[in-house]
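See structure below.
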């Protein structure tokens, strides 16, 4: 039995779950999400808990069991608390600012990079070097953060670029590192 799949999902107060066939709609204080899940999985709502069961131990059903439970748990968490990713900009002269709903990034290129948020995403800038990407859909928040990071990935020689908060960049030695010790 899947360790993740057999855990129940607690539905907080203010969140309603509507299961219609293989379509699940979750409404909460932050918004609503709708998703079509694998039809073979059995989703039951008992009071304040959701449980996911599989019809058999076939390989396909075992594969979908934990996935279905995790997707449901992410939907419930998204409409109740939301998701957030933080990015940090490292580098002299590198900065971010808001211009309306767009994000304007100066990353050492000859031009500015403008990022328009995806639907359901809010971008906020703290200071000049911290960006917060937040929304109710975990996949879209991660995709938006990855697209912003891809504009200037961290350099492994100087450490400059856009990185996730808490991400450690292992710096490589440059050409001087190779020459040291050789005579």
Residues of the range 106-121 satisfying the condition of being part of a strand (DSSP E or B) and surrounded by 14 or more Cβ atoms within 10 Å (Cβ to Cβ): 106, 113, 115, 121
Residue, surrounded by the fewest Cβ atoms within 10 Å (Cβ to Cβ), within the range 60-77, restricted to residues that are without any contact (Cβ under 8 Å) to a residue 24 or more places away in the chain and under 13 Å from residue 39 (Cβ atoms): 60
Residue, modelled with the lowest pLDDT, within the range 1-21, restricted to residues that are over 11 Å from residue 73 (Cβ atoms) and surrounded by 15 or more Cβ atoms within 10 Å (Cβ to Cβ): 2
Number of the exception - residue 51 against (1) buried (at least 18 other Cβ atoms within 10 Å of the Cβ); (2) touching a residue at least 40 places away in the same chain (Cβ under 8 Å): (1)
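Please verify whether residue 152 is part of a loop (DSSP other than H, G, I, E, B), surrounded by fewer than 11 Cβ atoms within 10 Å (Cβ to Cβ) and under 20 Å from the mean Cα position of the chain (by Cα), treating the condition exactly as stated. Lay out the reasoning, then the answer.
Values: part of a loop (DSSP other than H, G, I, E, B): yes; surrounded by fewer than 11 Cβ atoms within 10 Å (Cβ to Cβ): no; under 20 Å from the mean Cα position of the chain (by Cα): yes.
The answer is no for residue 152.
Considering only the range 96-105, state which residues are in contact with a strand residue (DSSP E or B) (Cβ under 7 Å, 6 or more places away or on another chain) and surrounded by fewer than 15 Cβ atoms within 10 Å (Cβ to Cβ). Give the derivation first.
If we filter the range 96-105 for residues that are in contact with a strand residue (DSSP E or B) (Cβ under 7 Å, 6 or more places away or on another chain), which is where we start, we get 96-98, 102-105.
Selection gives 97, 98, 102.
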Failed condition for residue 142, given (1) buried (at least 17 other Cβ atoms within 10 Å of the Cβ); (2) touching a residue at least 40 places away in the same chain (Cβ under 8 Å); (3) under 30 Å from residue 74 (Cβ atoms): (1)
Some residue of the range 17-36 being within 22 Å of the chain's Cα centre (by Cα) and assigned to a loop (DSSP other than H, G, I, E, B): yes
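Scanning for something within 15 Å of the chain's Cα centre (by Cα), within 27 Å of residue 156 (Cβ to Cβ) and touching a residue at least 12 places away in the same chain (Cβ under 8 Å), does the range 87-97 turn up at least one residue? Steps first, please.
First, the residues of the range 87-97 that are within 15 Å of the chain's Cα centre (by Cα): 87.
Next cut, within 27 Å of residue 156 (Cβ to Cβ) only: 87.
Remaining after also requiring touching a residue at least 12 places away in the same chain (Cβ under 8 Å): 87.
Yes: the range 87-97 contains one or more residues that are within 15 Å of the chain's Cα centre (by Cα), within 27 Å of residue 156 (Cβ to Cβ) and touching a residue at least 12 places away in the same chain (Cβ under 8 Å).
The values are calculated or read from the model by the stated rules, or taken from the named source; none is laboratory data. These numbers come from a predicted model, not from an experiment. Because the Cβ atoms are built from the backbone with ideal geometry, glycine has one as well, and the counts that use them run over all protein chains shown.
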